[in-house]
Structures are given as C-alpha cells and as structure tokens.
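One structure is given here, and the rest of the page talks about it.
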Amino acid sequence: MRQDIVFLTGAGISSESGIPTFRGKDGLWNDERKVYLASSEALYNDTSEFLAFMNDMRQRVFDAAPNAAHAFIADLEKQHQVTVITQNIDDLHERAGSTNVIHLHGELARVCSSDNRHDARYIREMPMNVPIRLGDDAGDGSQLRSHVTLFGEYVSGMQDAAEIVKDADIFVVIGTSLTVHPAAELIRYAHPDVPKFIINPNEVDIASLGYKYILSTATEGVKTLQEELNHINR
Ligand code: NAD
C-alpha cells in the first residue's frame, strides 16, 4: 500500500558520508570558535573568517557522497509518497535521488544577500567547490553569503513542516540530537496512532511520545526500518 512517509533528518545521517555532526565526540561544536563562526555576528564582524569556515564546509560537502541511508530514503519513492524534512545544509539527500526535500536551515549549495537572505532575486546556486570571496557582490551591493540559517537568525518554514508531519502515515527521525529548536519540536506533531521510529546510535529521550527506537547508525538502522515497513505493509 502506498503510504505517506515523512523523514526528519539531522547531521547524523551524513556522518557516515564523512561530514562531522555538530555535537558528539568529533562534533564541530566542541570548538567554541566554530560555534561563533556559524553566527550572524561573525558574518558581520569577522566576515573573512566566517567565509573561510563556510567555504571549508562547502568543500567538505562537495567532496562527500551520499551513503546507504540517503539512498534508502530516495529509493522508497518508488513505492511511497516520501517527504524529507532535513536540518542538514548539505545536498546529500538530493544527490541520492530524493525529489521532495525541505531544508529547514537552508543549503550550502546556494548563496544569497547579506542584507536580506530571503530576497529571492539574489538567491542562486553556486558550485560548492567554488569559494565565496570577501567582496563578492550578492547583486544588491552586499557581501555574498551562504544561504543557511546562522545562530541568531530566524528559522522559516516551520508551519508548513509541522503540517506535513501531522499528515504522515509513518514518521521517521534519523540522526538528530533534537536539541536544535524549533526543528526539534516537529516530533510532537506526528499523529499519536501512526508508526514512529527514531534511528540513532545514541538514545534521545522521547520515549513518552510513542517512538520506537532503532539504536544504530543510519546505514544499519534503515535495514531494520525496511523490516518494520514490510511488517506494516503486510
Ligand atoms: P547534532 O550534531 O546535534 O546531532 C547529531 C545526532 O546524530 C546525535 O544525536 C548523534 O547521536 C547522531 N548520530 C551520530 N552518528 C550517527 C550515525 N552514524 N547515524 C545516525 N545518527 C548518528 O545534529 P542535529 O540534531 O542535526 O542539529 C545540529 C544542527 O547542525 C542542525 O541545525 C544542522 O543544520 C546542522 N548541521 C548540519 C550538517 C550537515 O548538513 N551535514 C552537519 C553538521 C551540523
């Protein structure tokens, strides 16, 4: 039976592709300077260092490849209606073949104006192996920047994402610590009666919401998820 399957993914799904998560053992956020560099304050006050940090992440994503978990989700589109709501700023879901991806925190593959990142006239794709340079004009005279949500900036699109989660027949959360708000609140919108799964090698405390835990990495966990989906569709 064709189901409406919604995924909420975070940095953990891309960690087996070699992109570090923000928290955890090798997490980027263990370095306080990096936390600062991902803020709007750094964009305006330390622009050169900010751009170097963004360019480094863009190059890392460019060099990475989707893994079996991204591929599994893309493949599900053959049988189901699939929506991916991701906190990730990489493009590995798209490169794996997913066609319906919502980026809550923006995309490193895009650039925009520093004066107004939502102004569609200045949002465009830019290959991730091409560095953004100090002085690059976004088109409105402002510094060109990555089209991602920085600390201190507003997350848009939450209402639409919440509606999508509400309508899901099956909801799956992969590789997120659920500590970044407002994205983390999405788990509360899933219908109480639908099957809900969380794939993460480390426990995240949401047991009371009726989620079934698959305590493994993303690439291993999707194999268990496949068995669960077979069972649901039987
Ligand atoms: P997070 O770094 O806070 O948490 C990562 C989670 O992934 C942890 O719970 C960890 O246990 C789990 N994890 C680690 N390895 C895993 C694996 N192999 N398989 C499955 N899960 C694994 O990440 P977050 O919750 O997504 O929130 C952090 C913010 O960082 C997000 O806003 C996101 O935009 C951003 N971010 C994005 C990327 C990316 O685009 N790839 C990378 C780093 C951070």
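Summing +1 for each Lys or Arg and -1 for each Asp or Glu among the other residues whose beta-carbon sits under 12 angstrom from that of P66 gives -4.
Distance from the Cα centroid of the stretch 178-204 to that of the stretch 119-145 is 34 Å (rounded to whole angstrom). Under a Gaussian network description of the chain, with springs only between Cα atoms under 10 Å, the residue in T179, T83, T21 that fluctuates furthest is T179. Here is the list for the stretch 122-203: trypsin sites (Lys or Arg not before Pro) lying in DSSP coil, each with at most 14 other C-beta atoms within 10 angstrom of its C-beta, are R133.
Where only DSSP H runs of four or more residues are counted, the chain gives -8500 deg cm²/dmol as its mean residue ellipticity at 222 nm, each run worth -39500 (n - 2.57). Projected onto its three principal axes, the C-alpha set of the stretch 1-158 covers 53, 38, 27 Å, listed from the longest axis down. Total lysine pairs in the chain at Cα distances under 22 Å, for residues eight or more apart or on different chains: 8.
Restriction of the trypsin sites (Lys or Arg not before Pro) in the stretch 10-100 to DSSP coil positions whose beta-carbon has at most 13 other beta-carbons within 10 angstrom yields K25, K78. Using a Gaussian network model of the chain in which every pair of alpha carbons under 10 angstrom is joined by a spring, one finds that among V130, V84, V111 the greatest mean-square fluctuation is at V130. Using the Karplus relation 6.51 cos²θ - 1.76 cosθ + 1.60 with θ = phi - 60°, the per-residue 3J(HN,Hα) values for the stretch 192-201 come to x, 8, 8, x, 9, 10, 9, 10, 6, x Hz, with x marking Gly and Pro. Helix by helix through the chain, keep the DSSP H runs that span 30 Å or more along the axis on Cα and average at least -0.5 on Kyte-Doolittle, and give those back in order. None pass (Cα extent of 30 Å or more, hydropathy at least -0.5).
Every number here is computed from the coordinates shown, using simple stated rules; none is lab data. No experiment lies behind these values; they were computed from the predicted model shown. Note that each Cβ is placed from the backbone with ideal geometry, even for glycine, and that neighbours are counted across all protein chains shown.
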